[in-house]
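Scroll down for the structure; my scribbles are underneath it.
No value in this document is a laboratory result; all are computed from the given coordinates. Quantities reported herein were computed from a predicted structural model and do not represent experimental measurements. Here the Cβ positions follow ideal geometry from the backbone for every residue, glycine too, while neighbour counts run over all protein chains shown.
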């Protein structure tokens, strides 16, 4: 079946770079693109004109929220309150539990994946919080998530998150990592089992990957075994590290070495390694890109950095800088890591943070950031057929409307979208040629019911923080409102 879509603007690919086509057309047969340009004269079975829109390659999110958002709770409190967001040591020792049932976790996954789709993401690698689990993710949970992802129609790089340690607040108020190595080994076994499950599905929309948690929550044994399995199976590894000074402090206590030394000694540098976030490295320091410096080391080992500008910004961090990492030869890709899963806003924030760090208006170009959201993500996944619109590529396509009065005037369509808009301007997406988002909706998904269910589960998650807090504070104390809530029935009196 031949499908032709057209729009005022199409962002094609000329073999070297993205290129803008006015009044452009994209034609695909099945899951593959056969034509990008103007005045197509071949067969057409189905046709759609998107009018005042920008058609672009589907966005790739390699640190995509697949959970209920917690940043809305933990990105702003005072240090005293923030300490209560972690597990207490006695909760770790004897009281830990799953806050949600498997059915509730399935609803959470559907809620999150629907959000990804509606924000124009076509390919994703998930990130989920373990704070409300008894330990981490399991095999059955990811099997269920894979089925939800397939039903919605997204392209997922999936695996259960696993760890051998967890951050806790002690009774004395200090922050430590407490370990349960048996749970870590079991988690890795689940992850390896899921690699087999994903391969057995024989579905191009599901690929198994290894997704260990933060590096300071892994034993050296778990890191070495992850590296061994990754090499044996040619599997991608994504490992959160280089994101906090506390990370190195905790690793020095537990292993006597820092992040880069452990990545080397455990063999993880010999894998297809993706690292979110890299914010502890100062790329402006000349030593960083000199031989043996951290940027040089990452580049030599072919590491991809998953930059999450909006989330880093909200946690008072920034990459120093996107341009320096690129110039060092490191592949840059993008992630969202929290809600909203909006790579348009992420590109906007990232560009402006880069300009602030570099002190130049021409730093952090939109072209470089958009390349990271498309070509860089495809490169990290080893997929030359993703991230671009050209004949022979997968028909993964995102359509953004530029037709609303609130969009303002259109200068350059991509720049207008990023500076004036958000990813909520998505009207349609296709993954492997299949419509996923259609006219701003997800066919077959009751978004109203999903939103109501998600709100109820969020309230349960919020309430459960109290039982983990070292001081057992009520949720309203852990998460005070912006302004006090007025008492029902009492008038607000202005003195």
_With Cα atoms, 0 to 90° folded angle of helix 139-152 axis to the chain main axis_ = 20 degrees
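If you average the sequence gap of Cα pairs under 8 Å that are 6 or more apart and divide by the length of the chain, what percent do you get for the contact order?
Working: 1021 pairs, mean separation 98.6, N = 495.
Contact order relative to length: 20 percent.
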*Among DSSP beta bridges whose residues both lie in the chain, state the antiparallel percentage, nearest 5.*
50 percent
*Rounded to the nearest 10 degrees, what's the angle between the helix 102-118 long axis and the longest principal axis of the chain, both from Cα atoms, 0 to 90?*
40 degrees
*If you stretched the chain out fully between residue 265 and residue 483, how much longer would it get, using 0.36 nm times the residue separation minus the C-alpha to C-alpha distance?*
73.4 nm
*Report the residues of segment 230-254 in range of a label on residue 96: point 7 Å along Cα→C-beta, backbone N strictly under 15 Å from it.*
none
_Could you tell me the extents of segment 58-388's C-alpha atoms along the three principal axes, largest first, rounded to whole Å?_
53, 47, 39
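Translational D (Stokes-Einstein, µm²/s) of segment 321-378 at 4 °C and 1.567 mPa s when Rh comes from the Kirkwood sum over C-alpha pairs? Intermediate values should be presented prior to the final figure.
Numbers: Rh = 11.5 Å.
The estimated diffusion coefficient comes to 113 µm²/s.
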*Could the peptides 110-119, 223-232 be put in order, highest first, of the mean number of other beta-carbon atoms found within 10 Å of their residues?*
110-119, 223-232
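May I ask you to order 194-202, 444-452, 132-140 by the average number of other C-beta atoms within 10 Å around their residues, highest value first?
Working: 194-202: 15.6, 444-452: 12.0, 132-140: 19.4.
Averaged packing, sorted descending, gives the order 132-140, 194-202, 444-452.
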*Could you give the nm distance between label points at residue 472 and residue 134, where each point is 7 Å from its Cα heading toward the beta carbon?*
2.2 nm
*Percent of Cα-Cα pairs per 10 Å bin, from 0 to the last occupied bin, for segment 352-495, please list those.*
9, 19, 24, 25, 18, 5, 1, 0
*Crossing angle, helix 343-358 versus the chain [Cα axis fit, 0-90 degrees, rounded to tens]*: 70 degrees
*With label points built 7 Å along Cα→Cβ from the Cα atoms of residue 252 and residue 463, find their separation and express it in nm.*
4.4 nm
*Among beta bridges that DSSP assigns inside segment 1-122, antiparallel share in %, nearest 5*: 70 percent
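Mean 1/r over all different Cα pairs, inverted: what Kirkwood radius does segment 180-265 give, in Å? Walk me through the intermediate numbers first.
On the way: mean 1/r = 0.0724 Å⁻¹.
When all Cα pairs of segment 180-265 are included, the Kirkwood radius is 13.8 Å.
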_Report the per residue volume, in Å³, of the convex hull enclosing the C-alpha atoms of segment 238-393._
117 Å³
*Peptides 280-288, 35-43: what's the order by average Cβ count within 10 Å, highest mean first?*
280-288, 35-43
*Provide the descending list of Cα extents for segment 47-197 along its principal axes, expressed in whole angstroms.*
65, 40, 23
_How large is the translational diffusion coefficient of segment 438-486 in µm² per second when you combine the Kirkwood radius over alpha carbon pairs with Stokes-Einstein at 10 °C and 1.306 mPa s?_
119 µm²/s
